[in-house]
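Chemist: Encoded as structure tokens, here's the structure I'll be asking about.
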Amino acid sequence: FFFWDCVEMSVAKAVIGGGLAAAVYFYAPSELDADAVVRTVKPFCYGMALFCGGIAAIAAVGTLVLGSMYGSLIEGNTFKIDEYVHQQPSMAQRAQVVLLNRLNVGSHVANKSASIALEDAESPFVPSLRVTSKAGSRAGATGFKAPAEAIVVGTIRMGFGHHRIAYAATSWALGAGRPTYFHDLL
């Protein structure tokens with residue numbers, strides 16, 4: 001069971017399937033050896049079986065290695081996603097998270113002790129909306145000190161749909177009479 005958990009990725013399954021198909025030809029009964037087709041196909045199938053088996057072994061070992069790095073990747077995170085969803089990821093899912101993190105940020109390690117000072121200013125477009133920015137980057141802005149009842153809407157400029165969702169949340173907060181801050185992470 002554990003082995004199949006490690007190789008549940010589609011590519012590994014395809015490689016294993018190809019290897020098994022090649023093995024069927026490779027282990028053909030000996031009375032078929034006289035057939036010219038079997039003699040021609042058998043060496044190819046032997047090579048294919050070795051190749052597919054090698055790829056499957058690399059995928060399994062890679063999944064185990066990457067999956068074992070998952071604990072150190074999420075160690076120290078403020079938000080514990082596995083606890084939140086009440087589910088532990090499989091070894092393949094852990095490996096996928098580690099691989100995608102590595103491809104996205106490389107070996108960069110976040111500085112969790114650093115903070116960026118913010119300031120806020122009145123929006124030039126939406127009445128009563130305050131817009132945050134990095135301290136010192138906007139003329140006329142004051143230090144950011146949101147009251148406890150404030151709503152802070154954060155976006156990351158991912159596209160128009162995300163902008164519309166953020167705008168809807170901002171409109172709701174302003175309509176409710178709550179102090180509202182718009183924070184763009186970029």
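The values are calculated or read from the model by the stated rules, or taken from the named source; none is laboratory data. Here the structure is a predicted model, which is why all the values come from computation and not from measurement. Cβ atoms come from the backbone with ideal geometry, glycine included; neighbour counts cover every protein chain shown. Protein only, heavy atoms only, side chains kept; ligands, DNA and RNA dropped before computing areas. Shrake-Rupley method; radii C 1.70, N 1.55, O 1.52, S 1.80 Å.
Chemist: Sum up the charges of everything whose Cβ sits under 9 Å from the Cβ of residue 150, counting Lys and Arg as +1 and Asp and Glu as -1, but leave residue 150 out.
Modeler: Result for the neighbourhood of residue 150: +1.
Chemist: Based on the Cβ-Cβ distance of residue 77 and residue 51, what FRET efficiency does E = 1/(1 + (r/R0)^6) give at R0 = 45 Å, to the nearest 0.05?
Modeler: 0.70
Chemist: Sort out for me the Cα centre separation of the range 79-102 from the range 136-168, rounded to whole Å.
Modeler: For the range 79-102 versus the range 136-168, the Cα centre distance is 29 Å.
Chemist: OK, next. Label points 7 Å out from Cα along the Cβ direction at residue 104 and residue 174: separation in nm?
Modeler: 3.1 nm
Chemist: For residue 128 and residue 164, what is the calculated FRET efficiency with R₀ set at 22 Å and r taken between the beta-carbons, to the nearest 0.05?
Modeler: 0.65
Chemist: With all protein chains present, how much of the accessible area of the range 29-186 (probe radius 1.4 Å) comes from carbon and sulfur, to the nearest whole percent?
Modeler: Solvent-exposed carbon and sulfur of the range 29-186 make up 63 percent of the total.
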